[in-house]
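Each reported figure results from applying straightforward, stated rules to the coordinates on display, with no laboratory input. Here the structure is a predicted model, which means the values were calculated and not measured. Don't worry about glycine lacking a Cβ; one is built from the backbone with ideal geometry, like all the others, and counts go over all protein chains shown.
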Amino acid sequence: MAKKILIILGHPDNDTFCGALAESYKKGALAAGAEIEEIRLADLDFNPVMHRGYKAIQELEPDLVRAQELIKWAEHLVFVYPTWWATMPALLKGFLDRVLLPGFAFKYRENSPFWDKYLTGRSARVITTMDAPAWYNFLVYGNANQKSMKRGVLQFCGVKPVKVTTIGGLRDSKPEMRAGWLGKIEKLGGKLI
C-alpha cells in the first residue's frame, strides 16, 4: 500500500526555493510510489488570526476544513518553509494556530496538566531554509525554530518521529549548491522520510 504523504508549503510565495524543495521532495516520493497531497498556504483563503484565542473558536474557512481532512488522511507530514526572524513565517504560524485546534489535534485533560495527543500514528519531516549558515542558527538561536516546530507543535500533537532538515547559507549559495540541496531533498522523498 502506498504511503500517504501531505506536503505543506509554508512560504507565502509559491515561486521560491522553498517551492522548488517541496517539488523535489514530491518528485522523489512519487517515484517511490507514495500517494501525495499538497497544501500551499499561498493559495489558501483564510484568516490567520485567532481573534479570541481559544476562548471562542472561530468557524473554519473551507480551505482549513480541507486542511484538517488532509492531515487526518496523511501518514507522513512534510513542512517546507523559510526561517524568518529565527522562526516560521507568520502565515504558517497562523495556519497552525487555526488548524491544530483542541479536539482535533489535542485535548487537555480536565483537572490535569496533561493532554491527549490526537495526531499519533503520523511521522513528519521539517525542511527549513535560512539565509544564515546552519551553524549560526545553532550557536546563536539554539535551533529555536526547529525545536518549536518539532517539540512544541508536532510532538505536542502526537506526531513522531519528526526529522528536521536545515538548509543554511541560502543567501550566498551558488547554483551548484542549490542543485545539490534539491537532489538531497529528492532523495529524502524517495526514502519516504
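Brief remarks on what is shown
- Potential lengthening of the chain between ARG151 and ALA42 amounts to 36.7 nm, from the contour at 0.36 nm per residue minus the alpha-carbon distance.
- Listed residues LYS147, LYS55, LYS163, most fluctuating in the chain (Gaussian network, C-alpha, under 10 Å): LYS55
- Environment charge of LEU92, counting only residues whose C-beta is closer than 13 Å and scoring Lys/Arg +1, Asp/Glu -1: +1
- Interchain or long-range residues, amide H under 5 Å from GLU38's placed H: ILE7
- The order of ILE57, ILE36, ILE167, going from fewest to most other C-beta atoms within 10 Å of their C-beta, is ILE57, ILE36, ILE167.
- FRET efficiency estimate (nearest 0.05) - Cβ-Cβ, ASN111 to ARG66, R0 35 angstrom: 0.50
- Close amide H pairs (under 5 Å, H built 1.01 Å from N) link THR129 with TYR81, THR83, ILE167, residues at least 5 positions away or on another chain.
- Dipole of the chain, positive end: most advanced residue of MET130, PRO161, ALA22 [Cβ charges, Cα centre]: PRO161
- Residue list for the range 81-117, given a label point 7 angstrom along the Cα-to-Cβ vector of LYS160 and an amide N cut-off under 12 Å: 117
- Amide H within-cut-off set for VAL164, under 5 Å, with H built and near neighbours excluded: VAL126
- Size of charge dipole - the range 13-136 - debye, nearest 20, with Cβ of Lys, Arg +1 and Asp, Glu -1, no other charges: 520 debye
- The HN-Hα couplings worked out from phi for the range 25-41 by the Karplus form 6.51 cos²θ - 1.76 cosθ + 1.60 (θ = phi - 60°) are 4, 4, 4, x, 5, 5, 4, 8, x, 6, 9, 10, 10, 9, 10, 10, 4 Hz, whole numbers, x standing for Gly and Pro.
- Whole-Hz Karplus values for the range 169-184 come out as x, 5, 4, 9, 6, 8, x, 5, 5, 5, 4, x, 5, 4, x, 4 Hz, taken residue by residue from phi with 6.51 cos²θ - 1.76 cosθ + 1.60 and θ = phi - 60°; glycine and proline positions read x.
- Gaussian network model of the chain, springs between alpha carbon atoms under 10 Å - residue of TRP115, TRP73, TRP84 with greatest fluctuation: TRP115
- Working note: Karplus 6.51/-1.76/1.60 with θ = phi - 60° gives the range 57-63 the couplings 6, 6, 4, 6, 5, x, 5 Hz, where Gly and Pro are set to x.
- Computed from the Cβ-Cβ distance with R0 of 45 Å, the FRET efficiency linking GLU59 to ALA179 stands at 0.50.
- A simple count of charges around LEU77, restricted to other residues whose Cβ falls under 9 Å of its Cβ and scoring Lys, Arg +1 and Asp, Glu -1, yields +1.
- Most mobile of ARG125, ARG66, ARG98 in a GNM of the chain (Cα contacts under 10 Å): ARG66
- Mean ellipticity per residue at 222 nm, deg cm²/dmol - from DSSP H runs of n ≥ 4 across the chain, formula -39500 (n - 2.57): -10000 deg cm²/dmol
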